[in-house]
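Heads up, the thing below is written out as structure tokens.
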Amino acid sequence: MFEPYCIICKSKISFGKIVCENCLKKTYAPSLTEGDFKVYHYGKYEEPLSQLITEFKYNSHPKIGKIFGEKLASLFLKLNFPALNYYVSYVPSNYISKFEKGFVPAKLIAIYFSSILGFPLIDLFISKALKKQAQLSYKQRSKNVHNKIRLIQSPPENIIVVDDVYTTGSTMNEIANLLENKCEVIIGLTMAKTIHNHSL
Ligand SMILES: [Zn+2]
């Protein structure tokens, strides 16, 4: 496909590119969330990164998945983690969204991330949620969110869990519960973290 313009700022870019270097630079704003394990975020869920994520998730743009994998790999290298035998996995999408989109966004990022760093990629989690949140009542909704991820094999000693967006942390908490006492090192990596605005 011929894509001569940056999808964010519309400036001219070279063949095969989808977003310009200037816009990409603006996506980098790393942060750390310390919960049951540490989750590192490449940027904030605000423009232009939020636009790229929307384009990636809802228009299934695989080139953006490659860019995100590269960016997370560069973040991982910058953070100077001890050299261990890491495995890479990802936060699963629920069945319906997987069926509708035809791909699992976090998995695509994890595929590029793991291949750049030479870490094996494993399918560790599966989503149990079969119903779309919007179709459920409030009561059903909280039930749907609770325990929606299941472990499908015994986890490795050192695991990196990749996701696209970190919102409330409930998913990473669930993953922490599933991996509790089973792993030595758990590292979370997401492309973006949602910023909570408490303005009145
Ligand atoms: Zn641009």
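Assorted remarks:
- Output for region 43-71, where each listed residue is surrounded by fewer than 16 Cβ atoms within 10 Å (Cβ to Cβ) and either under 13 Å from the mean Cα position of the chain (by Cα) or part of a loop (DSSP other than H, G, I, E, B) (or both): Glu46, Glu47, Thr54, Asn59, Ser60, Glu70
- Subset of region 1-32 [away from the ligand (no atom under 11 Å from the Cβ), modelled with pLDDT under 95 and among the hydroxyl-bearing types (Ser, Thr, Tyr)]: Ser14
- Residues that are surrounded by fewer than 19 Cβ atoms within 10 Å (Cβ to Cβ) and farther than 16 Å from Lys78 by Cα, drawn from region 25-42: Lys26, Thr33, Glu34, Gly35, Asp36
- The C-beta contact set for region 12-25 (first residue within 17 Å of Asn59 (Cα to Cα), second residue near the ligand (Cβ under 10 Å from one of its atoms) and hydrophobic (A, V, I, L, M, F, W, C), distance under 6 angstrom, 6+ apart or interchain) comprises Ile18/Ile7; Val19/Cys6; Val19/Ile7; Val19/Ile8.
- If you go through region 33-47 and pick out every residue that is touching a strand residue (DSSP E or B) at 6+ places or on another chain (Cβ under 7 Å) and away from the ligand (no atom under 16 Å from the Cβ), you end up with 9.
- Looking across region 26-36, the residues that are of a type outside the set (Lys, Arg) and either in contact (Cβ under 8 Å) with a residue 60 or more places away in the chain or in contact with a Gly (Cβ under 9 Å, 6 or more places away or on another chain) (or both) come down to Thr27, Tyr28, Ala29, Pro30, Ser31, Thr33, Gly35, Asp36.
- Search result, residues across region 76-93 that are among the hydrophobic types (A, V, I, L, M, F, W, C) and in contact with a Leu (Cβ under 7 Å, 6 or more places away or on another chain): Phe76, Val88
- Near pairs, Cβ below 6 angstrom, 6+ apart or cross-chain, from region 172-191 (in a strand (DSSP E or B)) to any residue that is aliphatic (A, V, I, L, M) and at pLDDT below 95: Gly188/Met172
- Residues of region 180-192 that are surrounded by fewer than 24 Cβ atoms within 10 Å (Cβ to Cβ) and either in contact with a Gly (Cβ under 8 Å, 6 or more places away or on another chain) or β-branched (Val, Ile, Thr) (or both): Val185, Ile186, Ile187.
The values are calculated or read from the model by the stated rules, or taken from the named source; none is laboratory data. Only a predicted model underlies this, so the values are computations on that prediction, with no experimental measurement involved. Glycine gets a Cβ as well: all are built from the backbone with ideal geometry, and neighbour counts include every protein chain shown.
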